[in-house]
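Data block below; observations after.
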Amino acid sequence: MEENTNYLEYKDLKIDPVIFTQGFVPGCDMRICGGQCCNWGVYMDRDFEKVVMNYETQIKEEMDEFQPKDSSRWFEKELEPDEDFPSGYAIGTELYISSLGVTQCVFKDKRGYCSLQVTAVNNGMHKWEIKPKYCIMYPLTIVDNVLTYDSDHSDRLDYCGRSHTENFTQTVFEAMTEEIKFILGEDGYKFLLEHFNNNYKKKVQIEILK
């Protein structure tokens, strides 16, 4: 990630202003993309594996007939040192080949839905209660303690990727209201909203709608 001297700061997190200018689609729509952003799995905090495994039985009940129900195949065996995660280590979800021949995250079903999110909803929890943070955040990510746009991942996507400007109707920041509130809290979102309204909103809207 390129060094940017114009970062905002909220508490101990830096904010890359690219989130206020990068265009994005009207919203996530599985009918259009099939959840393509989930195809490569995700890294999550090492300790979050325990959170997921607390609901092993319920998750298996929500998986389709093609997903691996052997939980020993759900997570990679090796940890990755990464200071952006609370424990200092990340663990990746494993992949499998779907009925359509697509290699994708073990928790992505044949409809493109996340089995973790489906499990949470069907068991009376918040929809993101057992979903990894970086799944919730996309197209945002945190790299070296900077909240920024996940351009590397975006480059591989056929609908919301950054090369598909014809599909853009708003900025990443505007598209991610619920997600930002979940990650930073209501006060964190209001802090960023004020900055966006004062410095970017009118100009960026004109650029996107050209």
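The values are calculated or read from the model by the stated rules, or taken from the named source; none is laboratory data. Quick caveat: nothing in here was measured; it's all calculated off a predicted structure. We place every Cβ from the backbone using ideal geometry, glycine too, and count neighbours over all the protein chains shown.
Numbers for the structure displayed
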{"item": "Matching option when the condition is on the phi > 0 side of the Ramachandran plot and either in the same structural domain as residue 53 (by TED's automatic domain parsing) or of a type in the set (A, V, I, L, M) (or both), among 124, 92", "result": "124"}
{"item": "Considering residues of segment 24-53 that are farther than 15 Å from residue 107 by Cα and modelled with pLDDT of 95 or more only, the residue surrounded by the most Cβ atoms within 10 Å (Cβ to Cβ)", "result": "45"}
{"item": "Residues of segment 161-178 classified as crowded, with 17+ Cβ neighbours inside 10 Å and of a type outside the set (Ser, Thr, Tyr), total", "result": "9"}
{"item": "Test result for residue 102, modelled with pLDDT of 95 or more, aliphatic (A, V, I, L, M), touching a Gly at 6+ places or on another chain (Cβ under 9 Å) and more than 19 Å from residue 175 (Cα to Cα)", "result": "no"}
{"item": "Qualifying strands (runs of 3 or more DSSP E) (wholly inside segment 54-143; at least 3 residues being of a type outside the set (Ser, Thr, Tyr))", "result": "89-92, 140-143"}
{"item": "Index of the failed condition, residue 169 passing every other in (1) over 15 Å from the mean Cα position of the chain (by Cα); (2) farther than 22 Å from residue 20 by Cβ", "result": "(2)"}
